[in-house]
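Visitor: Provided herewith is a single structure, encoded as C-alpha cells, for subsequent inquiry.
The values are calculated or read from the model by the stated rules, or taken from the named source; none is laboratory data. What you see is a predicted model; the values in this text were computed from it and never measured. Heads up, the Cβs are rebuilt from the backbone with ideal geometry, glycines too, and the neighbour counts pull from every protein chain shown. For accessibility, only protein heavy atoms count, side chains too; no ligands or nucleic acids. Shrake-Rupley method; radii C 1.70, N 1.55, O 1.52, S 1.80 Å.
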Amino acid sequence: NTAIDSKGTVLIVHDWDGMTAYEERRAEMLAALGYTAFAIDVYGADENPSSIDENRALSGALYGDREEFRARLMGSIAEAANIPGATDNLVMMGYCFGGAAVLEAARAGAELDGFVSFHGGLGTPEGQDYSATTAPIMLFHGSADPVSGMADLASLLDQLQEAGVTHGAEVFGGARHSFTVYGSSDYDLVADTGSWDGLQDFLDTQL
C-alpha cells in the first residue's frame, strides 16, 4: 500500500500462520497514516499454511536454517526498493514469528532505520549477537506472554545494552502473547492501541 509523498517505508513480517488479511490490514492502516507499507511473505508465495502443524513446520524450518531465514529477509528488503513509492528510509516490523524475524534481520546487520517487534520471540540463537545491528530496536510485549517471558525480555535488553544498540521496550501488564490480533483469545484493546501509538512515535522518530 503506497501513500503519496510517503513519510517512509514500513515492511511487515507475518505471524507463524503466514501472510494473511491481518498483515494486509496493518499495511492499509500504515498507508492511511502516510507510509508506504508492504507485507512480506518469508514462507514464499507457494505456501499457504492452514493448520497448526503446517504453521509449526514452516516456521520451524526457518528457525532451523538461520542462513535461509536471513536470505529470505534480506531478499525481501532488497525487493522493497522496487515497490512503487518506496523510500530510502525503511523500518521493519513484525508480529509473533514476525517479531522474531525482525530481530533476526537486526542481528544479520540489515541496514534499515529501525526494527520493531510486537509480542515476538525474543530469544537469541546460540552463536548470534547484536554486534552488527545498525539501527534502533523497539519492543512491544506483554508481561503475561507465555512464549517469551520477562526473563527473555530482560536478557535481550541486557544484550542490546552491552552491544550499544539504541533500544526501547514497552511492556503491557497482563497482556498475553497475541495481544494485537483481532478476534484471538489473547486480544487486549489497551495493549493493542497502546503499542500502535508507540509504533507511530517510533516511526516519527526514525523515518
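Visitor: Of the residues GLY149, GLY174, only one is out of contact with any Phe, Trp or Tyr (no Cβ under 7 Å at 6 or more places or on another chain), without any contact (Cβ under 8 Å) to a residue 12 or more places away in the chain, over 26 Å from ALA80 (Cα atoms) and open to solvent by 10 Å² or more (accessible area, probe 1.4 Å); which? If you could, list the steps in order and put the result at the bottom.
Guide: Details: GLY174 fails: without any contact (Cβ under 8 Å) to a residue 12 or more places away in the chain.
Answer to the check: GLY149.
Visitor: Please go through segment 92-116 and pick out each residue that is within 8 Å of the chain's Cα centre (by Cα) and on the phi > 0 side of the Ramachandran plot.
Guide: CYS96
Visitor: Further question on the same structure: Working carefully through the options THR134, THR124, find the one that is open to solvent by 50 Å² or more (accessible area, probe 1.4 Å), in a loop (DSSP other than H, G, I, E, B) and of a type in the set (Val, Ile, Thr).
Guide: Numbers: THR124 fails: open to solvent by 50 Å² or more (accessible area, probe 1.4 Å).
So the residue among THR134, THR124 that is open to solvent by 50 Å² or more (accessible area, probe 1.4 Å), in a loop (DSSP other than H, G, I, E, B) and of a type in the set (Val, Ile, Thr) is THR134.
Visitor: What number of residues within segment 77-134 are without any contact (Cβ under 8 Å) to a residue 60 or more places away in the chain, among the polar types (S, T, N, Q) and out of contact with any strand residue (DSSP E or B) (no Cβ under 9 Å at 6 or more places or on another chain)?
Guide: 4
Visitor: Do you know which residues across segment 30-60 are open to solvent by 60 Å² or more (accessible area, probe 1.4 Å), in a helix (DSSP H, G or I) and within 24 Å of VAL116 (Cα to Cα)? Spell out how you get there, then give the answer.
Guide: Here is the first cut: in segment 30-60, the ones open to solvent by 60 Å² or more (accessible area, probe 1.4 Å) are 32, 38, 45-48, 50, 52-54, 56-57.
From what is left, the residues that are in a helix (DSSP H, G or I) are 32, 52-54, 56-57.
Matches in segment 30-60: ALA32, ARG56.
Visitor: Which residues, taken from segment 166-190, are of a type in the set (Val, Ile, Thr), over 19 Å from VAL13 (Cβ atoms) and part of a loop (DSSP other than H, G, I, E, B)? Give the derivation first.
Guide: Taking segment 166-190 and keeping what is of a type in the set (Val, Ile, Thr), we get 166, 171, 180-181, 190.
Now drop any that are not over 19 Å from VAL13 (Cβ atoms), which leaves 166, 171, 190.
Hit for segment 166-190 is THR166, nothing else.
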